[in-house]
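I have placed the structure first, in the form of structure tokens, so that the comments after it can refer back to it.
The values are calculated or read from the model by the stated rules, or taken from the named source; none is laboratory data. Just so we're clear, the structure is a prediction, and the values are computed from it rather than from any experiment. Every residue, glycine as well, gets a Cβ built from its backbone with ideal geometry; the counts of neighbours run over all protein chains shown. These accessible areas exclude ligands, DNA and RNA; they are computed on the full protein's heavy atoms, side chains included. Shrake-Rupley method; radii C 1.70, N 1.55, O 1.52, S 1.80 Å.
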Amino acid sequence: MGHDLGYAALALIATTVYYIAFLVFRVSARRMEPLRGSRPFRVARLMLTDPVWLGGGLLLFLGLGYEVVAFQQMPLAVAQPIFAVSLVLLVGYAVWFLGERLSVREWASVALFVLATVLIGLSATGDGTPEAKATLVGTLRTPWTMLAICAPAVIIAGLVWLVGDRRAGGRHARKLAGVAYGIGAGACAGLAEAGIRGISLVYADTGSLRAVLESAYPYLTLGLAALALGQLQIALQRCRVAIVAVVLTVIGRTYLIVSSTVLFGEEWPRDALPFLLRAAGFVLALVALVTFPRYEEPGATGALPQRAARRKGVRALP
């Protein structure tokens, strides 16, 4: 019992550190020139040369690393509610300290997302043993399974970048909402986490670093993590951290579960109650996505960051 509580405490701390990184990225984004997805190398240069962003990146990977350690020792039914608690704390911080405002419709969507996360956690049964056998050579010879998993995430991220960078004309044109960026970054982040899980499974099975490097998972993690971080930084410059973080996390966890069924042979629950809980969680997540507004409302991003940006003379984004 004490052992489980220790891992639960570690998971909560790790997840909190993970979300603190989002706040650091937010500070970094407000200091940067306007970022555009159509210029990815410029985005990467601005990120990698900003010490504040690098500090946030260190926190992100520390939190993620300890999450992997903790969650390997915990059932999904315990891990998912911890994510939900951390999400609530992050949203509360964004509202109270960053001056972000959420409409009633957005609060309802956030609540649905949190409930969906808990239901998916409660659906875990612990049946089956996941396996990671995809070698790099085998993936290059028959890439169709990996492409089928990667293509939706990359396409979604690309579409969000294109739409978000399109200049909307008109006096009352509004910015694309954080839900769109959260979907794009979340799909990539979920697939990157699937790669991390693949790395841990290969190492646990073989105990060999060479076997890990010969698998496809390190390269899957690096490539998709780069896409997710780039889109996250653009999103945090334009949208509210509360919305972006919630959508990214839930979409990421959902994509992780879906991709794990293909990559690692994990099965959906077969018993009626766990199956219904997981199905209900996915349905609620979809309803929350549909409910979220497509565009940012004027003044919702928080007055304090906007005033600070004006004092620094940062040019406003279109």
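Observations on the model:
- First in the stretch 121-133 and assigned to a loop (DSSP other than H, G, I, E, B), second anywhere and at pLDDT 70 or above and among the polar types (S, T, N, Q), Cβ under 8 Å, 6 or more apart: Pro130/Ser260; Ala132/Ser215
- Residue among Ala272, Ala288, Ala280 that alone is loosely packed, with under 13 Cβ neighbours inside 10 Å and modelled with pLDDT of 85 or more: Ala272
- Within the stretch 195-236, tally of residues that are within 26 Å of Gly99 (Cα to Cα) and open to solvent by 20 Å² or more (accessible area, probe 1.4 Å): 1
- Flag if Leu64 is modelled with pLDDT under 90, of a type outside the set (Val, Ile, Thr) and within 19 Å of Ile234 (Cα to Cα): no
- Complete set of residues in the stretch 28-45 that are part of a helix (DSSP H, G or I) and buried (at least 19 other Cβ atoms within 10 Å of the Cβ): Ser28, Ala29, Val43
- Condition met for Ala192 (modelled with pLDDT of 85 or more, in a helix (DSSP H, G or I) and within 28 Å of Val95 (Cα to Cα)): no
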